[in-house]
Amino acid sequence: MKNIFIIIISFIVISCKKEIQESKTEIVLKENEVSLTDAQMKNANIETISMSEKSISSVLKINGKIDVPPQNLVSVSVPLGGYLRSTKLLPGMHVNKGEVIAVMEDQQYIQLQQDYLVSKAKLVYAEKESARQNDLNQSQASSDKVTQMAQAEVLSLRAMTNGLAEKLRLININPNTISASKISQKINILATINGFVSKVNVNIGKYISPSEVMFELINPTDIHLNIKVYEKDVAKLKIGQKIIAYTNAEPNKKHECEIILISKDVSADGTSEVHCHFEDYDKTLLPGMYMNAEVELNSSNSNTLPEESIINFEGKDYVYIEIANQKYQMIEVQIGEKENGFLQILNVIDLRNKKIVSQGAYTLLMKMKNTEEE
């Protein structure tokens, strides 16, 4: 009986020592470390790898808005002013070049036609008078002075008549079609491009001054994307480079563009303008609309890890490295670009020559958090 009692006491002491040792093992674990038992290791199915070098294309993310070059944006006004009699334009309507988009009326249009016809009639008389004085001068029946005055009168009236004719053409009146019996108080305003109406700033009956913009027309054939690029990234771009653009409303609908111009100026906010041409213009894209864009830069060899090895915890990215048998440490990582399921690792020195958990990282995270709670 005495021997049995000694054996039992020895077993209890050994068990207590084992528990104390295991307890001490748990205590020496740091906050960012976790240790697995044999049973836990078997169930966790942990696998480790090392960083591998792969070619990763970096993507520059930028934004901007749809713009129209000056030659494709037309402001319509009336050179001589007048009252708007009629128009059918509404923003978004399509117009064709030469189409009547508004009708104006004013008494000065009548006066201009009248002045032209009077000047034209005087010119006809002056030309005949000049020819008559020239004939008389040839026969010494008229002085040189009178002949020269007649010629000067012809030149003066011809300049006046031609000037009035150009003014008529400026308001879309053909001077060759008017006569004393065909004088109109109205003029037509014509569309000068094929495009659509961007703005309508007038209403029927309003007096329009020569400096006032009535309508704005846009030719969509050369609408482009104007993006803002920080000065540190400008050198990474070049003419002819392809970019992908998309709107916030339709992020999955991609629009291919090509860089056609890179500004050489840097604005006060540290950005330069880069102009891009749409490969296929989409009519749903309107001037002034904001867009996001992505530019794929030249690929380079980088140290990478598969996505499965990266865990995100409390807004930061981590990996687990093996520091001993069945013992792992959580280390924060800085990640860069992603391509084909691999992530670029920026803090390479911290992970070089380390065994990194590629499978079971989230299992280790759960075990570590449960241990902390206990």
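Read-outs throughout are calculated quantities, based only on the coordinates presented, and are distinct from any laboratory measurement. Remember, predicted model here, so these are calculated numbers, not experimental data. Cβ: placed from backbone, ideal geometry, glycine included. Neighbour counts: every protein chain shown.
A few notes on this one:
- Spatial separation of Cα centroids for region 79-152 and region 280-322, in angstrom: 67 Å
- The length gained by stretching the chain between Ser179 and Asn292 to full extension, at 0.36 nm per residue less their Cα-Cα distance, is 34.8 nm.
- Once the chain from Val103 to Tyr246 is taken as fully extended at 0.36 nm per residue, the excess over their C-alpha distance is 47.4 nm.
- From phi via Karplus (6.51, -1.76, 1.60), per-residue ³J(HN,Hα) for region 129-135 in Hz, x at Gly/Pro: 5, 5, 5, 5, 5, 5, 5
- Residues of region 193-233 with amide N under 19 Å of a point placed 7 Å along Cα→Cβ from Lys254: 225
- Geometric descriptor of region 177-218, per residue, is 116 Å³ (volume of the convex hull of the Cα atoms).
- Share, in percent, of DSSP beta bridges within region 175-264 that are antiparallel, nearest 5: 100 percent
- For q = 0.11 Å⁻¹, Debye-computed log10 I/I(0) when each Cα of the chain counts as one equal scatterer: -0.96
- Cα-Cα over 22 Å, subset of Lys199/Lys242; Lys65/Lys199; Lys30/Lys54; Lys42/Lys338; Lys97/Lys254; Lys65/Lys253: Lys199/Lys242; Lys30/Lys54; Lys42/Lys338; Lys97/Lys254
- When each of the peptides 147-158, 41-52 is scored by the mean number of other C-beta atoms lying within 10 Å of its residues, the order from highest to lowest reads 147-158, 41-52.
- Additional length obtainable on full extension of the chain from Arg85 to Ala141, 0.36 nm per residue less Cα span: 14.4 nm
- Each semi-axis of the equivalent ellipsoid for region 281-374 is √(5λ) with λ an eigenvalue of the Cα gyration tensor; in descending order they amount to 36, 18, 10 Å.
- Using the empirical formula 2.2 N^0.38 Å as the baseline, the Cα radius of gyration of region 108-249 reaches a ratio of 1.92.
- Remark on Ser198: its backbone amide H falls under 5 Å from those of Gly92, Glu216, Leu217, Ile218, a criterion applied only to residues 5 or more positions apart or on other chains, H modelled at 1.01 Å from N.
- Qualifying GluC sites (Glu not before Pro) in region 254-293, DSSP loop, other Cβ atoms within 10 Å at most 14: Glu279
- In order along region 350-358, the Karplus-derived 3J(HN,Hα) couplings, from 6.51 cos²θ - 1.76 cosθ + 1.60 at θ = phi - 60°, round to 5, 10, 5, 6, 9, 8, 10, 5, 9 Hz, and Gly and Pro are given as x.
- R0 of 30 Å, Cβ-Cβ distance Ala235-Thr284: FRET efficiency to nearest 0.05: 0.35
- Region 107-184 - convex hull of alpha carbons, volume per residue in Å³: 80 Å³
- Percentage relative contact order, the chain, counting C-alpha pairs under 8 Å, at least six apart: 27 percent
- Take each peptide in 194-203, 282-291, count the other Cβ atoms within 10 Å of every residue, and average; sorted highest first, the result is 194-203, 282-291.
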